[in-house]
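Below is one structure, written out as structure tokens, with a few remarks after it.
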């Protein structure tokens, strides 16, 4: 087993491998593949299957590519697009789980945390300094 692992390491040396963009493409490919199996319209199902195969081919090309600079640039561009969305999803999940506080969104986009069941509170946004009265 070690010989196979070592041979695989030697083969993958200098290649891109799996990065965040590849994982996103694999998840998208699986979603499209499942959608193509659910849809019963012949033409639409075939088109989705073709898109699924193109995505899988793209993933394989990116994994085995030796053009590391280009693949890293593609991944960095994807991460600049995806990271704010992932952080927003994580933040929203954490805000929903917090039952002891109320979260108020300011006009500047910042979230301000206020303890629940206190009554009316004058809130000052830490980002922009705007003041407003909030009922908790």
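The values are calculated or read from the model by the stated rules, or taken from the named source; none is laboratory data. Every value quoted in this text rests on a predicted model; they were computed, and no experiment measured them. Don't worry about glycine lacking a Cβ; one is built from the backbone with ideal geometry, like all the others, and counts go over all protein chains shown.
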Fill in the blank from the handout: Taking first residues from the range 1-26 that are on the phi < 0 side of the Ramachandran plot and second residues anywhere that are not in a helix (DSSP H, G or I), the pairs with Cβ under 6 Å that are 6 or more apart or on different chains are 15/66; 16/65
Practice task
Kindly provide the set of residues from the range 107-116 that are surrounded by 13 or more Cβ atoms within 10 Å (Cβ to Cβ) and closer than 18 Å to residue 84 by Cα, ordered by number.
Solution key: 110, 111
Practice task
Might you let me know whether the range 38-46 holds any residue that is part of a helix (DSSP H, G or I), surrounded by 12 or more Cβ atoms within 10 Å (Cβ to Cβ), modelled with pLDDT of 95 or more and out of contact with any helix residue (DSSP H, G or I) (no Cβ under 7 Å at 6 or more places or on another chain)?
Solution key: no
Exercise for the section: Look at residue 52 and say whether it is in contact with a helix residue (DSSP H, G or I) (Cβ under 6 Å, 6 or more places away or on another chain) and either over 30 Å from residue 17 (Cα atoms) or surrounded by 14 or more Cβ atoms within 10 Å (Cβ to Cβ) (or both). Expected result: yes
Practice task
Being surrounded by fewer than 13 Cβ atoms within 10 Å (Cβ to Cβ) and either at pLDDT 95 or above or not assigned by TED's automatic domain parsing to the domain that holds residue 78 (or both) is the filter here, so list the residues in the range 6-30 that pass it.
Solution key: 23, 27
Exercise for the section: For residue 121, indicate whether it is surrounded by 14 or more Cβ atoms within 10 Å (Cβ to Cβ) and not assigned by TED's automatic domain parsing to the domain that holds residue 11. Expected result: yes
Exercise for the section: Inspect the range 91-99 for any residue being surrounded by 13 or more Cβ atoms within 10 Å (Cβ to Cβ), part of a strand (DSSP E or B) and in contact with a strand residue (DSSP E or B) (Cβ under 9 Å, 6 or more places away or on another chain) and give the result as yes or no. Expected result: no
Practice task
Output the residue which, of all residues in the range 65-90 that are surrounded by 12 or more Cβ atoms within 10 Å (Cβ to Cβ) and closer than 30 Å to residue 113 by Cβ, is nearest to the chain's Cα centre (by Cα).
Solution key: 82
